[in-house]
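Working notes, structure below.
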Amino acid sequence: MSEKATLVVGDAHYDLPIIEGSEGERAVDIRQLRARSGLITLDPGYGNTGSCESAITFIDGDRGILRYRGIPIEQFAEAPNFVEVAWLLIFGHLPTREEYRAFAADLTAQADLDENMKHHFEGFPRSAPPMAILSAMINALSCFHPELFELEDPERFRMAAARLISKIRTIAAYAYRHSRGLPFIYPDPRLRYVPNFLHMLFSQPYVQWHCDEAVCEALNLVLILHADHEQNCSTSTVRMVGSSQANLFASCAAGVCALWGPLHGGANVEVLTMLEQIHGGNLTAEEYVRLAKDRDSKVRLMGFGHRVYKNFDPRARMLAEVAERLLARLGQDDPLLQIARRLEEIALRDPYFVDRQLYPNVDFYSGIILRAIGIPTNMFTVIFAIGRLPGWIAHWWEQRQGDGSRIARPRQIYVGDRERPYVAMDERL
Ligand code: ACO
């Protein structure tokens, strides 16, 4: 007989099935709980709630394991490029040479934005946050590709995915150029995904930006390491919006908004601000850590801690190495890297962080790499979004394909006023 859990409430017993994932993760299946007992479960922040079954990414937070479609993240350090990983996440297998060529060709063909879309950028003030522009423009894409709303057909879905992955890079680059008052640089079909993005960011009319191989490799790896992380806040948002059958563009635009927050993707900006503050001499690393431990200060050690990892985030380890390697290769001696190393050393010895199992997360070192490349701080979370997009698309599609996909609609425990009468304005005290 398959295993079950029993919930006892007063005299009533409710048997609940236990389901097990392919890596031995177990869950009590409560799908019938309310219908049978009238009870719901309460789990603010969803720390104990599985929202779906998914075959895309596996994380073991206690052992610091992250795998994309079964492949350990460490194995992506050398070989593949971001486009290959995007395909893997979305379609479930490593692309054959032919599949890869066709997808890469689609990305190249789709890199341009409709000329009319470019006018939208002019409506934003120069100081507009690039994440706001990114979200608005991804949503606007749906106006230019309404033929891609109905995506039940896998071939159409592939086209939509290619458009989105390609154009997000162009939108991001144009948002940056707009903020600097610089002319837009058209995508160059001779360049691969990452160099093409850097070209649109940094080239000048008639002066092609030369992409150092080490820079391209570093950014490629940054994008790969951000590409998916199962049911994080932004991915859950994409699934939530997608569950209403909203189109792929609208769902991913919502993902950008969720990612923007400082407790999620926005943390990479906060990390740099923190490091710069310490470098500016206002605080020492020791004083900052002291503040981060003080509940009244509201300060947190940014880039530390994770809902799932209670061990090293493997991405942080890899990014720390990339940061060291890149700075050495570029001959840069960034004092912020030394400060980050110092903060890490202090925190990892401090019982406050040890007891709470707080380790560096993906955001702790990524900003130092992006800064070495010359990417301004306000674009950091945009880079995260470019990296995370294949994950969002993969989850959106997986949900669409699934048999049991229902509109996501949590319940609540109401704690407001009991029923009371409306009082006319003149009679209110
Ligand atoms: N600095 C100081 N204390 C921390 C930190 C931190 N970075 N992170 C957690 N804590 C403390 C909390 O104050 C709490 O202490 P308490 O038990 O005494 O109340 C305890 O550790 C547990 O923290 P929670 O906030 O309950 O943990 P949660 O899982 O909800 O939050 C989060 C995870 C949001 C990542 C948190 O660790 C944090 O705010 N970190 C800093 C922001 C950050 O780096 N975000 C990026 C996350 S990765 C990503 O999204 C890409």
Practice prompt. Just one of (1) open to solvent by less than 50 Å² (accessible area, probe 1.4 Å); (2) assigned to a helix (DSSP H, G or I); (3) farther than 21 Å from Trp396 by Cβ trips up Glu74, so point out which.
Written response: (1)
Practice prompt. Kindly provide the set of residues from region 326-343 that are within 25 Å of the chain's Cα centre (by Cα) and over 17 Å from Gly374 (Cβ atoms), ordered by number.
Written response: Ala340, Arg341, Leu343
Worksheet item: Restricting region 43-65 to residues that are away from the ligand (no atom under 14 Å from the Cβ) and assigned to a strand (DSSP E or B), which is farthest from Gln110 (Cα to Cα)?
Response: Asp60
Item to complete: Residue by residue through region 21-33, note down the ones that are in contact with an Asp or Glu (Cβ under 8 Å, 6 or more places away or on another chain) and either free of Cβ contacts under 8 Å to residues at least 12 places away in the same chain or open to solvent by 100 Å² or more (accessible area, probe 1.4 Å) (or both).
Response: Arg26
Item to complete: Report yes if Asn247 is under 21 Å from the mean Cα position of the chain (by Cα) and more than 10 Å from the ligand (Cβ to nearest atom), otherwise no.
Response: yes
Practice prompt. Find the helices (runs of 4 or more DSSP H) located wholly in region 336-427 whose residues include 2 or more that are within 16 Å of the ligand (Cβ to nearest atom), touching a residue at least 60 places away in the same chain (Cβ under 8 Å) and crowded, with 17+ Cβ neighbours inside 10 Å, and list them.
Written response: 363-373, 380-401
Discussion item. It is to be established whether one or more residues within region 137-144 are closer than 22 Å to Thr235 by Cα and exposed (fewer than 12 other Cβ atoms within 10 Å of the Cβ).
Written reply: no
Discussion item. The conditions are (1) polar (S, T, N, Q); (2) over 21 Å from Leu326 (Cα atoms); (3) open to solvent by 10 Å² or more (accessible area, probe 1.4 Å), and Ser251 fails exactly one of them. Which is it?
Written reply: (3)
Item to complete: Please specify each residue of region 213-227 satisfying the condition of being away from the ligand (no atom under 16 Å from the Cβ) and over 14 Å from Leu370 (Cα atoms).
Response: Glu213
Discussion item. Looking only at helices (runs of 4 or more DSSP H) that lie completely in region 264-333, which have at least 3 residues being near the ligand (Cβ under 10 Å from one of its atoms)?
Written reply: 267-279, 285-293
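Only one residue in Phe202, Phe121, Phe197 is surrounded by 19 or more Cβ atoms within 10 Å (Cβ to Cβ) and under 21 Å from the mean Cα position of the chain (by Cα), so which one is that?
The conditions single out Phe197.
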Worksheet item: Any idea which residue in region 254-263 is farthest from Arg239 (Cα to Cα), counting only those that are open to solvent by 10 Å² or more (accessible area, probe 1.4 Å) and more than 9 Å from the ligand (Cβ to nearest atom)?
Response: Trp260
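Listed here are the residues, each with its yes/no results for (1) closer than 30 Å to Arg356 by Cβ; (2) without any contact (Cβ under 8 Å) to a residue 40 or more places away in the chain; (3) in contact with a Pro (Cβ under 9 Å, 6 or more places away or on another chain); (4) not in a strand (DSSP E or B).
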position: Thr41; (1), (2), (3), (4): yes, yes, no, yes
position: Arg67; (1), (2), (3), (4): yes, yes, no, no
position: Ala86; (1), (2), (3), (4): no, no, yes, yes
position: Glu99; (1), (2), (3), (4): no, yes, no, yes
position: Lys118; (1), (2), (3), (4): no, no, no, yes
position: Arg126; (1), (2), (3), (4): no, no, no, yes
position: Ile133; (1), (2), (3), (4): no, no, no, yes
position: Glu147; (1), (2), (3), (4): no, yes, no, yes
Worksheet, complete the sentence: Restricting region 233-244 to residues that are within 14 Å of the ligand (Cβ to nearest atom) and open to solvent by less than 10 Å² (accessible area, probe 1.4 Å), the one nearest to Ala347 (Cα to Cα) turns out to be Ser234
Discussion item. Can you tell me which of (1) without any contact (Cβ under 8 Å) to a residue 12 or more places away in the chain; (2) open to solvent by less than 40 Å² (accessible area, probe 1.4 Å); (3) hydroxyl-bearing (Ser, Thr, Tyr) is the one Thr57 doesn't meet?
Written reply: (1)
Discussion item. Give all pairs with beta carbons closer than 6 Å in which a residue from region 261-286 that is of a type in the set (Lys, Arg) meets a residue that is modelled with pLDDT under 90 and open to solvent by less than 40 Å² (accessible area, probe 1.4 Å); count only pairs at least 6 apart in sequence or on separate chains.
Written reply: none
Worksheet item: Restricting attention to region 293-303, and to residues there that are over 17 Å from Leu225 (Cα atoms) and touching a residue at least 40 places away in the same chain (Cβ under 8 Å), which single residue is least open to solvent (accessible area, probe 1.4 Å)?
Response: Leu301
Item to complete: State whether the residues of region 34-46 include one that is at pLDDT 95 or above, open to solvent by 100 Å² or more (accessible area, probe 1.4 Å), within 18 Å of Gln231 (Cα to Cα) and among the basic types (Lys, Arg).
Response: no
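The values are calculated or read from the model by the stated rules, or taken from the named source; none is laboratory data. Since the model is a prediction, treat every value here as computed from it, not as a measurement. Don't worry about glycine lacking a Cβ; one is built from the backbone with ideal geometry, like all the others, and counts go over all protein chains shown. Side chains are part of the model used for accessible areas, which takes the heavy atoms of the whole protein and leaves out ligands, DNA and RNA. Shrake-Rupley method; radii C 1.70, N 1.55, O 1.52, S 1.80 Å.
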